[in-house]
Structures are given as structure tokens and as C-alpha cells.
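Below is one structure, written out as C-alpha cells; comments come after it.
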Amino acid sequence: MIPADLNPPTTPWWIVAPQGTEAQAIAKGLGKTDHIHLQAMPVGAIAVQSFLENLAQTWAARPQGLLVMGVTGSLSADYGIGQAVWVEQCQYWGDGGHGQQPEYVGDRHLMERINHLLEPHGQIPLVKGITVPQVVCGGAEKQLLGQKSGAQVVDMENTAVLAFGAANQIPVAILRVVSDTMAQDLPDLSGVFTDQGALQPFPLAKALLRRPLTAGHLIQGSLRACAQLTAIARSLSRGTKGTGETPG
């Protein structure tokens, strides 16, 4: 397990990423850098909200920007496994309030500054996302969710970080990599996370064993997405070292 804090907390620019394989993949790409701070966070919007509020109380200085990185599920046939996307707009979609929650917008200036460091990865498209309280496991469910919401990707944390940034006047940008396609069925992962957003290994193992074929596809997609996260993080690390700047 990687430590929550990989670099000195005075670094002005932070990456926040779901704890576990996603944060580990990003840490691998960053290597040792004094320009970027990586903060592992729990999974799920409610857990992230509480986590960030508690974290803010420990800050000696407020970060100049937050970059959310991690994997995401696709709700559109246009975005396949390994595709990196900027989530420009995001809305919470759950608890019966579909389409009635506030819509948050990522900071365009921060996205542009980071894009400048990611030129080798080509043009990364801007998409609309939704945040949900549970993993969307069925391909048919994902397709219907995409049609109803008009979103291209789905996650479990984005709106919590965007809301936190808006409340604390901290720019937030969201860079995600697709790990499963719109039509892809996943194992039932509804019980694998605690209320605090921690992954439970034994429930996860049971869920994977119940659906070995879909589990294999999930693992392959996650590995491809995490490899892309590592490559992106490596570019960010090299870019900040080369320019001596932080994209805040």
C-alpha cells in the first residue's frame, strides 16, 4: 500500500486519486518529484466529501489546484478502454434526484496548463460525466444511463471533489481513463467497498469468482487503463521537471 502523502504537503499542485491500484499506477509514473503531490482518497462521493473536509483542516497552505486522476466507465460507444478524457462537466446522478443536482464544471485554465505538459499523448477530448453512488455493473444499465443523462462517462468521486473545490475556491480539473466499455458487463461490485470508501479484498474476490469471464475482462481493462495513468503521470512529472513550473 502506498502512503497517503508521497511528497511534502507544501507542494502547490496536488493530484487526488482513488486509493489502491489507481493511486499506485500514478505513483509509479510520477516517481520522485518535488513538483507534484499525490493524495490517495477513498472511493465514493460521500466518503470523499468527508475525507477532503478533514484533510483541509491539516493544510498549512491551500493547494493552488487539484487534478483528479483515475479510471472511469464509458457510457458512449465513442470512448473505449484506454481512452483518456477530460471530464469538463459533471453531475451527481443518484438517490432519486436524477438530473436535478447541481452541475459542476472543471477549471478550463488548469486543464489547458496540464494539457501543455501532455502533448505526447495527443488531443484529449472533453466529455460530460456523471457521478453515481454504486458501481454500474450491467452493460444494458450503462447504455440506458448514458441515454438518460447525456453523459459519456461515469465515476463515483468527481462531483465531491468539484464541490469541495468550488466551496474552497480551489481550481479542479478531472482527467480519467476508460477502464470498461459502454456495453461491457461487470461482476456485481455493489458490496466490495465500506462506507468509508475502502476496498474489501474478500468480498471483491468473491464477486470476481462468481463471474470469472466478466472478471477477466474487468481486470484486463483495468490493467490497460492503469498503464495509461502511469504514462500520463510520467509525462506530467517530466514536464514539470523540464519547465520548472507547476500548472496551478
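The values are calculated or read from the model by the stated rules, or taken from the named source; none is laboratory data. Keep in mind the model is a prediction, meaning the values are calculated, not measured. For neighbour counting, all protein chains shown are included, and Cβ atoms are generated from backbone atoms with ideal geometry for every residue, glycine included. Each accessible area value is taken on the protein alone, full model and side chains, heavy atoms only, with ligands, DNA and RNA left out. Shrake-Rupley method; radii C 1.70, N 1.55, O 1.52, S 1.80 Å.
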Report the one residue of 105, 57, 27 whose Cα lies farthest in the direction of the positive end of the charge dipole of the chain (charges on C-beta: Lys and Arg +1, Asp and Glu -1; origin at the Cα centre).
27
Quick shape check on the stretch 144-214: root eigenvalues a ≥ b ≥ c of the Cα gyration tensor, a/c under 1.5 is rounded, otherwise prolate if a/b tops b/c, else oblate, and it reads oblate
Give the shape of the stretch 56-154 as rounded, prolate or oblate, defined through the alpha-carbon gyration tensor: a ≥ b ≥ c are the square roots of its eigenvalues, a/c under 1.5 means rounded, and otherwise the shape is prolate if a/b is larger than b/c and oblate if not.
oblate
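If contacts are Cα pairs under 8 angstrom and at least 6 residues apart, what is the relative contact order of the stretch 24-161 in percent?
On the way: 160 pairs, mean separation 46.3, N = 138.
Worked out over the stretch 24-161, it gives 34 percent.
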With every protein chain in place, what's the accessible area of residue 104 (1.4 Å probe, Å², nearest 10)?
60 Å²
Sequence of 51, 164, 202 from largest to smallest accessible area, 1.4 Å probe:
202, 51, 164
Going by a ≥ b ≥ c, the root eigenvalues of the Cα gyration tensor, does the stretch 119-165 fall in the rounded group (a/c under 1.5), the prolate group (a/b larger than b/c) or the oblate group?
oblate
If you restrict to DSSP beta bridges whose two residues both lie in the stretch 21-156, what percentage is antiparallel, to the nearest 5?
35 percent
Probe radius 1.4 Å, ligands and nucleic acids ignored: give me the carbon and sulfur share of the accessible area of the chain as a rounded percent.
52 percent
May I ask you to give the solvent-accessible area per residue for the chain, in square angstrom, as obtained with a 1.4 angstrom probe?
46 Å²
Defining a contact as two alpha carbons under 8 Å apart and six or more residues distant in sequence, what relative contact order in percent does the stretch 122-212 show?
29 percent
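Between residue 202 and residue 143, what is the FRET efficiency for a Förster distance of 30 Å, r being their Cβ-Cβ separation, to the nearest 0.05? Kindly include the intermediate steps, with their values, before the conclusion.
Numbers: r = 31 Å, r/R0 = 1.04.
Efficiency for this residue pair is about 0.45.
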Contact order normalised by length for the chain, with contacts defined as Cα pairs under 8 Å and 6 or more residues apart; what percent is it?
30 percent
About the Cα centre, and with charges only on the beta carbon of Lys, Arg (+1) and Asp, Glu (-1), how big is the dipole of the chain? Nearest 20 debye, please.
520 debye
Gap in Å between the Cα centre of the stretch 33-68 and the Cα centre of the stretch 105-163?
19 Å
In the stretch 118-248, if the dipole is taken from +1 on Lys/Arg beta carbons and -1 on Asp/Glu beta carbons about the Cα centre, which of 194, 132, 232 is farthest to the positive end?
232
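Hey, can you list the DSSP H helices of the chain whose Cα span along the axis is 27 Å or longer and whose average Kyte-Doolittle score is at least 0.0?
Length and hydropathy pass: 212-243.
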